[in-house]
Amino acid sequence: MDRIRIRGGNRLAGTINISGAKNAALPLMIVSLLTPETLTLTNVPRLADVRLLQRILQNHGVDIMIAGKRPGQNGQQGDTKQLSAKTIADTTAPYELVSKMRASFWVLGPLLARCGEAKVSLPGGCAIGTRPVDLHLMAMEKLGASIAIEGGYVVATAPKGLRGAHIKFDKVSVGATHAALMASVLARGDTIIENAAREPEVGDVAQCLIKMGARIEGLHSATLKVSGVSSLSGAEHEVIADRIETGTYAMCAGMTGGDVLLKGARPDTLGEVIAVMRRIGIGVDETNEGLRILRNGQALEPIRIDTEPYPGFPTDCQAQLMALMSMARGTSTIRETIFENRFMHVQELVRLGADIHLHGDTAEVHGVAKLTGAPVMATDLRASVSLVIAALAAEGETMISRVYHLDRGFETLEEKLAACGADVTRIAGN
């Protein structure tokens, strides 16, 4: 397996192009199942999860073409993919594919809406928590589907089609909101989705569906109204910039006392992240090109923060913030309210010299004067990049193993950091 070697201490300076959001690209690709016409997606990040989802969609009969680079594009700009599901060849999503990526479970709604049936493997456990799919199934049942669990598979049928319904989630769930939205656009009648997730990626999917002919009101709010249509057409849509990648590179720049332009960043999706950065002493300036992150020697101030659904501080930036706060002046408190097992990076940060103590769902981070390079191991996607942030400031060499986690969510990470002065090298595995 590949490893990444980082020799810390270099100040980052330069420009990083922000990729398309993985958390939008995946459901947008799944949206292609809803129409026999071609859906063209631009700015699709080149990630392991995207490649895996392509295999899953091709298993259902989706024809996928990747267009060549346009004039003026560079290696840090995403792909253009044309997805055509003229015919659904198979309504079964097998365990061997779904078990590798939870987001693939979202094919359930589109297959059910378009074909009246679907057989999708339960996704199983996850390194950062169980993340059950009960809300997904509740939404499908509200829309008129019959649901059975047979041999580890969800078997869903709606031979007469789905019908509009009132769906109220008892907790905010991005995945369940995607599921309800994608299923209801082809349902007969109106659907109300209450306590819907407000994440920008959900809004991006809704905007794409509207381009395809869906009728959706209440975008970016907690209540969505969907008026079902009989069919959807093809469309062209650009994947929204990745706010988690933006926050991550902003913290890389802040950790090293850098000056970095995050080109293409969307400040309107980063309200709480920007507010937190400024509170801890990092300059964040909005420009016509994106965000400029600047820290000129001032100490990092400690902070107290809870992760929350959007527009609160995102759980997907929690590990990165913890790495940043490991060198703050004082004690920070970070409470994780979304996932129950999302502190697995703590012990690896401690190996680099961080002083972190866990108390249930809360991490107490005592800032230290220095971190020291060491061999560490990535445990999940966001945990892995927190080790990168710490390593950039650590004295000496850090070797990060199991970096396939990074490849799931960060496009050309080493190239982007190296272009700004980081001493980072990927070492190919055997």
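Are any residues in the range 409-430 surrounded by fewer than 19 Cβ atoms within 10 Å (Cβ to Cβ) and among the basic types (Lys, Arg), and if so, which ones?
Arg426
Against the conditions (1) modelled with pLDDT of 95 or more; (2) surrounded by fewer than 23 Cβ atoms within 10 Å (Cβ to Cβ), where does Glu340 fall short? Just the number, please.
Only one criterion is unmet by Glu340, namely (1).
Go through the range 354-376 and count every residue that is part of a strand (DSSP E or B) and surrounded by 19 or more Cβ atoms within 10 Å (Cβ to Cβ).
Residues in the range 354-376 being part of a strand (DSSP E or B) and surrounded by 19 or more Cβ atoms within 10 Å (Cβ to Cβ): 4 in total.
Within the range 314-336, can one find any residue that is more than 22 Å from Asp423 (Cα to Cα), among the basic types (Lys, Arg) and touching a residue at least 40 places away in the same chain (Cβ under 8 Å)?
No: zero hits.
How many residues are at pLDDT 95 or above and either within 11 Å of His345 (Cα to Cα) or surrounded by 21 or more Cβ atoms within 10 Å (Cβ to Cβ) (or both) if we restrict to the range 386-407?
11
Pick out the one residue from Thr287, Thr246, Thr269 that is β-branched (Val, Ile, Thr), more than 27 Å from Arg329 (Cβ to Cβ), assigned by TED's automatic domain parsing to the domain that holds Ala393 and under 16 Å from the mean Cα position of the chain (by Cα).
Exactly one residue qualifies, and that residue is Thr269.
Applying the selection to the range 291-302, what residues are in contact with a strand residue (DSSP E or B) (Cβ under 7 Å, 6 or more places away or on another chain) and either surrounded by fewer than 21 Cβ atoms within 10 Å (Cβ to Cβ) or closer than 17 Å to His359 by Cβ (or both)?
Result: Arg292, Leu294, Pro302.
Considering only residues that are among the small types (Gly, Ala, Ser) and within 13 Å of Pro309 (Cα to Cα), which ones fall in the range 170-202?
Result: Ser173, Gly175, Ala196, Ala197.
For the range 406-429, name all the residues that are in a helix (DSSP H, G or I) and either of a type in the set (Ser, Thr, Tyr) or out of contact with any Asp or Glu (no Cβ under 6 Å at 6 or more places or on another chain) (or both).
Residues satisfying the conditions are Leu406, Asp407, Gly409, Leu413, Glu414, Glu415, Lys416, Leu417, Ala418.
Yes or no, residue by residue, for (1) at pLDDT 95 or above; (2) outside the structural domain of Leu137 (by TED's automatic domain parsing); (3) crowded, with 24+ Cβ neighbours inside 10 Å; (4) within 30 Å of Glu289 (Cα to Cα):
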site	(1), (2), (3), (4)
Leu28	yes, no, yes, yes
Leu33	yes, no, yes, no
Gln58	yes, no, no, no
Val62	yes, no, no, no
Pro71	no, no, no, yes
Gln77	no, no, no, yes
Thr80	yes, no, no, yes
Thr91	yes, no, no, no
Leu97	no, no, no, no
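Residues that are among the polar types (S, T, N, Q) and farther than 25 Å from Gly271 by Cα: does the range 199-209 have at least one?
Checking the range 199-209: not a single residue is among the polar types (S, T, N, Q) and farther than 25 Å from Gly271 by Cα.
Among the candidates Val50, Val62, Val44, single out the residue that is closer than 30 Å to Met255 by Cα and free of Cβ contacts under 8 Å to residues at least 60 places away in the same chain.
Val50
Going through the range 86-116 one residue at a time, which ones are within 21 Å of Lys160 (Cα to Cα), in contact with a strand residue (DSSP E or B) (Cβ under 9 Å, 6 or more places away or on another chain) and among the small types (Gly, Ala, Ser)?
Gly109, Gly116
Please work out if Leu262 is in the same structural domain as Gly330 (by TED's automatic domain parsing), surrounded by 23 or more Cβ atoms within 10 Å (Cβ to Cβ) and touching a residue at least 60 places away in the same chain (Cβ under 8 Å).
yes
Collect the residues in the range 78-104 that are outside any loop (DSSP other than H, G, I, E, B) and either touching a His at 6+ places or on another chain (Cβ under 7 Å) or of a type in the set (Ser, Thr, Tyr) (or both), keeping them in residue-number order.
Matches in the range 78-104: Thr80, Ser84, Thr92, Tyr95, Ser104.
Please count how many residues of the range 254-290 are among the hydrophobic types (A, V, I, L, M, F, W, C), touching an Asp or Glu at 6+ places or on another chain (Cβ under 7 Å) and under 19 Å from Gly421 (Cα atoms).
So the answer is 1.
Considering only the range 147-171, state which residues are out of contact with any helix residue (DSSP H, G or I) (no Cβ under 9 Å at 6 or more places or on another chain), surrounded by 12 or more Cβ atoms within 10 Å (Cβ to Cβ) and closer than 14 Å to Ala118 by Cα.
Within the range 147-171, just Val155 meets the criteria.
The values are calculated or read from the model by the stated rules, or taken from the named source; none is laboratory data. As the structure is a prediction and not an experimental result, all values here were calculated from the model. So basically every Cβ, Gly included, is an ideal-geometry build from the backbone, and we count neighbours across all protein chains shown.
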